[in-house]
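Reviewing the structure listed below.
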Amino acid sequence: MQKRRLILTLCGAAALANTALAQDADEAPPPAFPETEIFLFDYDAEAESNALSNGRNVTQRAGYDNQPYFTKDSASFLYSRDDRTQTDIWEYDIASGTHTRITKTPESEFSPTPSPDNRTISFVFERNNSIWQLDRARPDAPTWALEAAGVTEPVGYFARNYATGDILYWSRYGFNIALTSAERPAYHFISGHAVPATPHVIPGTDQISFVHRQTNEQVWIKAFDPATKAIRPLTSLVGTNANYTWTPDGAILQIEGGKVYRWKEGGEGWEVIADLADHGVASANRIAVSPDGKRIAVVGLPGA
């Protein structure tokens with residue numbers, strides 16, 4: 001009898017524990033996204049200092065607003081925005097100052113990348129941790145962009161050349177860079193020891209840049225040519241922030257220590273062109289340039 005009572009007691013305790021676990025799961029806090037804002041500036045490509053002006057916080061809300069990417073006409077930018085449970089793709093129209101929600105899925109979308117004609121958007125989708133795409137006319141019906149390539153490796157960041165179909169991506173767990181295609185079966189391993197950072201199609205070329213940690217521990221931005229499979233070192237990073245972007249005239253911009261640096265091939269190395277503290281921006285780490293070269297979006301926080 002005592003043994004039976006002990007068994008019943010243990011079963012009851014287990015049931016209570018399971019109930020408590022279920023309640024804890026139901027009451028679990030939503031995913032924690034970092035607090036970030038997007039600031040928009042006018043950019044003077046000819047200025048050697050104080051190259052930014054007319055800065056304003058264009059998101060200005062509590063939550064995660066990040067990964068801006070300008071449309072080809074430079075009239076708007078896409079970005080990833082959270083609703084406290086997951087992220088969706090939103091669009092900010094510069095002229096009207098309005099924000100429009102593009103996706104509304106149960107999963108999160110990151111790194112929204114518009115096609116040159118602005119009809120298609122590619123993004124990293126948590127549905128299978130890969131690159132997906134959607135037609136703006138049917139935002140509720142995204143399709144897997146790497147299905148033809150047959151690549152199932154989880155993707156963290158990517159760059160897509162819509163003209164050639166080439167996609168260069170950073171492996172989410174492998175920390176390597178590889179080349180694939182949105183149009184055909186394709187896979188080419190480029191390099192290991194790649195730093196988690198968004199690759200970029202280099203303006204005016206079909207080459208794609210990425211960030212690589214060398215065996216001597218130096219971290220470099222390098223260019224990869226899909227046609228020849230050649231890798232060319234460009235420049236080492238200023239500091240530790242691996243986020244950077246290209247301007248239409250072929251310069252690289254990077255934020256480090258609250259300052260915006262610019263590098264031009266054949267120039268004298270990295271030069272400071274703006275101090276974000278002068279514009280009331282702190283903790284900035286991501287930057288994007290409009291295709292017309294007239295505006296810059298910076299991800300950071302309002303300064304004290």
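None of the figures in this text is laboratory data; all of them are computed from the coordinates on show. All figures in this text were calculated on a predicted structure; none of them were measured in a lab. Every residue, glycine among them, receives a Cβ derived from its backbone with ideal geometry; neighbour counts consider all protein chains shown.
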- prompt: How big is the range 33-302 in terms of Cα radius of gyration and Dmax, in angstroms?
  reply: 17.6, 49
field: Neighbourhood net charge (15 Å Cβ-Cβ; Lys/Arg +1, Asp/Glu -1) for PRO185
entry: -3
Residue (of SER76, VAL219, GLY258) at the positive-pole extreme of the chain, dipole from beta-carbon charges: VAL219
statement: Filtering GluC sites (Glu not before Pro) in the range 252-304 by DSSP loop and by at most 14 other Cβ atoms within 10 Å leaves GLU265, GLU268
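Within the range 184-234, report the trypsin sites (Lys or Arg not before Pro) that DSSP leaves as loop and that have at most 16 other Cβ atoms within 10 Å.
Values: sites: ARG213, LYS222, LYS229; in loops: LYS229.
The qualifying sites are LYS229.
Given LYS72/LYS222; LYS222/LYS294; LYS104/LYS229; LYS229/LYS259, which pairs have Cα atoms separated by over 29 Å? Walk me through the numbers before you get to the answer.
Details: LYS72/LYS222 24 Å; LYS222/LYS294 25 Å; LYS104/LYS229 38 Å; LYS229/LYS259 34 Å.
With Cα atoms farther than 29 Å apart: LYS104/LYS229; LYS229/LYS259.
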query: Which value, in debye to the nearest 20, gives the size of the charge dipole of the chain about its Cα centre, when Lys and Arg are +1 and Asp and Glu are -1 at the Cβ?
result: 1100 debye
message: Distance between the C-alpha centers of the range 248-287 and the range 73-135? Whole Å please.
response: 25 Å
field: Unit charges at the beta carbon, dipole of the chain: most positive-side option, VAL124, ASN241, ASN57
entry: VAL124
DSSP-loop trypsin sites (Lys or Arg not before Pro) across the range 57-96, with at most 13 other Cβ within 10 angstrom: ARG61, ARG84
query: Can you give the charge dipole size of the range 29-166 about its Cα centre, rounded to the nearest 20 debye, using +1 on the beta carbon of Lys and Arg and -1 on the beta carbon of Asp and Glu?
result: 400 debye
